[in-house]
Amino acid sequence: MGTGNAPENGSASLTPTTDAHILLTPFVDENMKGGKREFVRMPETEFEEILARAAEQGARRALADVGLDGHDAATDIRDLRTLLAAIREARRTALQTFVRLLVTATLLALMAGMAVRMKFFG
């Protein structure tokens with residue numbers, strides 16, 4: 001990887017070549033007179049390989065930061081998903097129970113009101 005394909009005058013040509021190349025962000029070399037900008041060019045396949053490697057390393061580092069690295073990582077993630085599913089099920093069951101309790105209390109109140117109105121108790 002280098003600047004061998006960049007023009008000498010610091011301007012970059014955006015015309016495609018026979019090889020698919022990626023034109024990367026320009027950088028300024030402080031050792032050059034006048035701070036000319038140089039563009040880094042590399043084959044597209046090499047650029048994609050670098051991106052894939054960086055993404056994989058970043059993902060591994062992120063998993064390591066939260067303690068999900070090593071041989072037991074897959075089991076840990078499965079356990080976390082199971083725990084989340086259980087929490088969702090418990091939340092749904094609690095909501096259903098609350099709604100049933102509310103409906104039952106409302107029906108009992110209506111029946112008690114009807115019983116008092118019809119004078120079943122006195």
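The values are calculated or read from the model by the stated rules, or taken from the named source; none is laboratory data. Computed from a predicted model, the values in this text were never measured in an experiment. Cβ atoms come from the backbone with ideal geometry, glycine included; neighbour counts cover every protein chain shown.
Per-structure values
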read-out: Selected residue [aliphatic (A, V, I, L, M) and modelled with pLDDT of 90 or more] from A59, A64, A73, A115; value: A59
read-out: Meets criteria (surrounded by 10 or more Cβ atoms within 10 Å (Cβ to Cβ), assigned to a loop (DSSP other than H, G, I, E, B) and of a type in the set (D, E, K, R)) for D69; value: yes
read-out: Close pairs (6 angstrom Cβ cut-off, 6 or more residues apart or separate chains): closer than 20 Å to E56 by Cβ in the stretch 66-79, part of a loop (DSSP other than H, G, I, E, B) and not aromatic (F, W, Y) anywhere; value: D76/L68
read-out: The stretch 89-122, subset among the basic types (K, R) and loosely packed, with under 10 Cβ neighbours inside 10 Å, residue nearest to the chain's Cα centre (by Cα); value: R117
read-out: Options E48, E56, E89, E44: the member that is charged (D, E, K, R) and touching a residue at least 24 places away in the same chain (Cβ under 8 Å); value: E44
